[in-house]
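The structure under discussion appears below in the form of structure tokens.
Readers should treat all values here as calculations from the given coordinates under stated rules, not as data from a laboratory. What you are looking at is a predicted structure, and each value in this text was computed from that prediction instead of being measured. Heads up, the Cβs are rebuilt from the backbone with ideal geometry, glycines too, and the neighbour counts pull from every protein chain shown.
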Amino acid sequence: MEAILEKVRSAVFRGDLLVSASGAEKISHEKIKISDLVNSLASAEMISEYPDHERGECVLAMHFNGDGEALHAVWGIPKEKDAPAVLVVADRLSPP
């Protein structure tokens, strides 16, 4: 079932990663480190997949940073492509 998350992992591990402008703003505001999301991607858990999104496949994933803090991230793959992985947005599940 985690086909989209696997595509995201493959692209990120190849270094094929983009961060959306709105995602970068939110991540900065939340003081989330992109490296925490990338480093925890191998063990991230899929929450839901959106294979038919108009811009391309997306997945909502649960990550845990090095301190064990839960983070939600939406990752996407552009329509009809296998890369790049796009970090659309990320959010903390609890206050810092």
Original post:
Per residue, what volume in Å³ does the Cα convex hull of the chain take up?
Top reply: 87 Å³
Original post:
Name the trypsin sites (Lys or Arg not before Pro) in segment 1-68 that are in a loop by DSSP and that have at most 16 other C-beta atoms within 10 Å, would you?
Top reply: Arg14, Lys31, Lys33, Arg55
**OP:** Would you calculate a helix-derived [θ] at 222 nm for the chain, using -39,500 (n - 2.57) for each DSSP H run of n ≥ 4 and dividing by the full residue count, to the nearest 500?
**Re:** -8000 deg cm²/dmol
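So what is the relative contact order of the chain, in percent, for Cα pairs below 8 Å that sit 6 or more residues apart?
Value for the chain: 35 percent.
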Original post:
Roughly what angle does helix 3-13 make with the longest principal axis of the chain, taking Cα atoms, 0 to 90 degrees, to the nearest 10?
Top reply: 70 degrees
